[in-house]
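Chemist: Quick one: the structure is below, and I'll ask about it shortly.
The values are calculated or read from the model by the stated rules, or taken from the named source; none is laboratory data. Bear in mind that the values here come from a model prediction, so they are computed numbers and not experimental data. Please note: Cβ atoms are built from the backbone with ideal geometry, for glycine as well, and neighbour counts cover all protein chains shown. With ligands, DNA and RNA removed, areas are computed over all heavy atoms of the protein, side chains included. Shrake-Rupley method; radii C 1.70, N 1.55, O 1.52, S 1.80 Å.
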Amino acid sequence: MRKVVYLAVVVAVAVMLPATASAQFDLSRALGAFFGAITKTEQTEKKEQAEQTKEQTEQTKEQTEQTKPETQRPQQNPFEMLQQLQQSQQPQKSPFEILAENAPSARLLQGSWLYSDAGAEYLGVNPLADMAIAQVEQYAKSRIVAAGIKPGSFSVTLRRNGTGTITFGERTLSGRYVYNAENATIIISGTINNVAVSVSGYVRYADGNLDILVEATSALDALLKVYPELATDQTVQMVSGMLSSFPGVYAKATFGQM
């Protein structure tokens with residue numbers, strides 16, 4: 001049962017099929033161009049010509065406006081100009097910087113948390129990965145439920161001394177965690193089937209819910225360490241290849257405070 005659960009989680013956190021997403025994107029673009037070409041009529045061509053004429057007129061008007069003396073041009077508020085300049089120069093924050101800025105305190109993590117949801121979250125910058133996750137995440141969730149991981153099915157207790165316990169029915173799994181409130185990073189370690197494993201990730205707290213984001217590559221490494229025979233499994237090999245191509249995939253487990 002535990003092997004099924006771990007495999008389901010790894011498959012879920014890697015819910016991104018770059019080849020499939022890319023193929024769908026290219027296919028949609030090709031079909032759009034194809035049907036757009038064969039359905040173009042003389043009426044649409046005339047419409048395009050009219051739009052081009054309008055655009056040329058607007059460009060001529062803009063050039064005329066630019067040649068006006070400075071006294072005839074509307075003056076922009078200097079304060080608004082400064083704001084626009086600051087906004088254009090301000091770099092966009094990465095997801096990791098946002099996680100660090102909103103890192104919960106170590107004390108807030110302490111206590112018992114009841115599992116409510118799971119999924120995958122992509123913290124990278126590849127748009128194909130975003131699209132793939134959005135397409136198959138619901139399917140991945142259904143597989144997690146099929147493996148017996150349902151809302152309320154297990155809980156996590158985090159203690160002040162850095163120890164933790166996962167309670168799944170009558171079974172318990174003990175381990176340790178190291179949390180850094182400066183950047184919201186967390187390292188979770190424990191022993192499964194007499195094999196020591198650890199995973200790393202981030203913590204996020206909002207509206208009474210605690211999200212634990214586990215880096216998918218470290219989760220896969222832990223899985224193969226406990227079950228080395230899965231190294232030849234085609235699904236695991238596919239997941240491993242995708243994670244290598246698209247770093248930044250995280251397994252997300254959401255908990256509510258008990």
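Chemist: Just to be sure I understand, how many residues within the range 212-228 are without any contact (Cβ under 8 Å) to a residue 60 or more places away in the chain, open to solvent by less than 70 Å² (accessible area, probe 1.4 Å) and over 20 Å from GLY164 (Cα atoms)?
Modeler: 2
Chemist: Can you tell me which of (1) surrounded by fewer than 20 Cβ atoms within 10 Å (Cβ to Cβ); (2) touching a residue at least 12 places away in the same chain (Cβ under 8 Å); (3) among the aliphatic types (A, V, I, L, M) is the one ALA231 doesn't meet?
Modeler: The one condition ALA231 does not meet is (2).
Chemist: Here's a follow-up. Among the residues that make up the range 251-258, is at least one of them more than 27 Å from PRO95 (Cβ to Cβ), in contact (Cβ under 8 Å) with a residue 12 or more places away in the chain and basic (Lys, Arg)?
Modeler: No, that holds for no residue.
Chemist: May I pose another question? Looking only at residues in the range 157-211 that are among the acidic types (Asp, Glu), closer than 23 Å to PRO104 by Cα and open to solvent by 60 Å² or more (accessible area, probe 1.4 Å), which one is modelled with the lowest pLDDT?
Modeler: To start, the set of residues in the range 157-211 that are among the acidic types (Asp, Glu) comprises 170, 182, 207, 211.
Now restrict to residues that are closer than 23 Å to PRO104 by Cα: 182, 207, 211.
Pick out the ones that are also open to solvent by 60 Å² or more (accessible area, probe 1.4 Å) and you get 182, 207.
Details: GLU182: 96, ASP207: 90.
Only one residue tops the list, namely ASP207.
Chemist: Right, another one. Given the conditions (1) modelled with pLDDT under 65; (2) closer than 30 Å to SER174 by Cβ, which single one is not true for THR71?
Modeler: It is condition (2) that THR71 fails.
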